[in-house]
Amino acid sequence: MATFKLSSLFLLLLICCATNSTLVTSSEQSNDYLISSHTVSHASVVKQSHFRFYWHDKISGHNQTAVRVVDAPEFKKSISTNFSDVYVFDDPLRTGPDVNSKLVGKAKGIYLEDGLYKIELLVAMNFVFTDGKYNGSTIAVLGHNEVLTTVREMPIVGGSGLFRFARGYVQLRTYLYDQKTGYSVVEYNVFVNHY
């Protein structure tokens, strides 16, 4: 009987090792949405890449790249910000602050003004690369942007293509802002971990 128990235990251990799976415990069985659980190989090499590019955003005039899609004027009578305005953008990402510098991709997404008393944005965007080996790959950013702060930081929440499973952060600083035309250039330093 002891030999049977020992051989059964050995067989169970062998099956677990062969499938590289983790046993589901009784507390995990209550999660009917858990399809499988397994250990990811620790042999993968994570790379960290640092990119620098300039985000060119224009909210009015010729060649506009951002459009206000929600405007709530009833709030603007009592506050000093554009609280609740929502913009959709498709902004060029360039290697430099000059409008004629090399185009390496687009920043596509939305930002909404969520600060009642100071200029703050909630930003959800993808950096969509169009140049070189990163062509077609994306980095997803979702975060808080306190616009008048010199250096801001937002998290990288994912990516696709060469940036699948991406994580990291972006640091941004305003390089230029023209209040008359609504044109701004923002320097982005992107620190992304990926496989």
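The table below lists the values:
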| item | result |
| --- | --- |
| Under 5 Å, built H, 5+ apart or other chain: amide partners of residue 104 | 93, 94, 95 |
| In sequence order, calculated HN-Hα J values of segment 150-155 (Karplus, 6.51, -1.76, 1.60; Hz; x Gly/Pro) | 4, 10, 10, 9, 9, x |
| Interchain or long-range residues, amide H under 5 Å from residue 156's placed H | 168, 169, 170 |
| Evaluated at q = 0.09, 0.12, 0.14, 0.15 Å⁻¹: base-10 log I(q)/I(0), Debye formula over Cα of segment 66-184 | -0.28, -0.49, -0.66, -0.75 |
| Estimated vicinal HN-Hα couplings, Hz - segment 112-128 in sequence order (Karplus 6.51, -1.76, 1.60; Gly, Pro = x) | 10, 7, 10, x, 6, 10, 8, 7, 9, 10, 9, 10, 10, 8, 10, 8, 9 |
| Heavy-atom accessible area per residue - segment 84-145, 1.4 Å, Å² | 45 |
| Cut-off under 5 Å, modelled amide H: who pairs with residue 121 long-range | 114, 145, 146, 147 |
| Cβ-based net charge around residue 121, under 9 Å, with every Lys or Arg adding one and every Asp or Glu removing one | -4 |
| Burial ranking of peptide ranges 172-184, 105-117 (average Cβ count within 10 Å, highest at the top) | 105-117, 172-184 |
| Segment 45-89 and segment 154-184: distance between their alpha carbon centers, rounded to Å | 11 |
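The values are calculated or read from the model by the stated rules, or taken from the named source; none is laboratory data. Treat the numbers as computed from the prediction; the structure is a model and nothing was measured. All Cβ positions, even for glycine, are placed from backbone atoms using ideal geometry, and neighbour counts span all protein chains on display. Side chains are part of the model used for accessible areas, which takes the heavy atoms of the whole protein and leaves out ligands, DNA and RNA. Shrake-Rupley method; radii C 1.70, N 1.55, O 1.52, S 1.80 Å.
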